[in-house]
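Just so it is clear, none of the values below were taken in a lab; they were calculated from the coordinates. Computed from a predicted structure; not experimentally measured.
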Amino acid sequence: MGEFEIFGMPVALGTMIYQAIIFTALIWILKNKYLGKLVEAMEHRRATIDEQLMLAETQKRESEKELLKQQELTKKASQEAKQIIANAREEAAVIIRTARKEAFTIRTEAYERERRSIKGRDAS
């Protein structure tokens, strides 16, 4: 067969036809034997990825719901804590007022007793 040059390289026509036939046969064998398995494996992988993505989306939605619940509970607990603190301050103020009144009463009574005691000594 004839030889010719492509891009400055000598090419034998017979070798080129032989290589084309071998390459075509190789592609046909690979397609018939392995392409189905490869496509099946890729489809299985795609299905697995789709399933995992749906699961992740579901978990994301559930996490967002739980986050909202936790934020609401935190807000409620904060409000309750503020109310407890306010009540405690009111109770403390009442206790302080009562204690001051009692202290004033005790001091006044002690002062009166002392005054009477001094008057009693002066009169004797």
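Rounded to the nearest Hz, the phi-derived 3J(HN,Hα) couplings of the range 48-62 under the Karplus curve 6.51 cos²θ - 1.76 cosθ + 1.60 (θ = phi - 60°) are 4, 5, 4, 4, 5, 5, 5, 4, 5, 5, 4, 5, 5, 4, 5, where x marks glycine and proline.
Residue-wise HN-Hα couplings along the range 19-35, as the Karplus relation 6.51 cos²θ - 1.76 cosθ + 1.60 with θ = phi - 60° gives them from phi, are 5, 5, 5, 4, 4, 4, 5, 4, 4, 5, 5, 4, 5, 6, 8, 10, 5 Hz; Gly and Pro carry x. Along the range 76-92 the Karplus relation, 6.51 cos²θ - 1.76 cosθ + 1.60 evaluated at θ = phi - 60°, assigns HN-Hα couplings of 5, 5, 5, 5, 4, 5, 4, 5, 4, 5, 4, 4, 5, 5, 4, 4, 5 Hz to successive residues, with x for each Gly and Pro.
For Lys65, the lysines whose Cα falls under 18 Å of its own Cα, not counting residues fewer than eight places away in the same chain, are Lys75, Lys76.
Radius of gyration (Cα atoms) of the chain, expressed as a multiple of 2.2 N^0.38 Å: 3.59.
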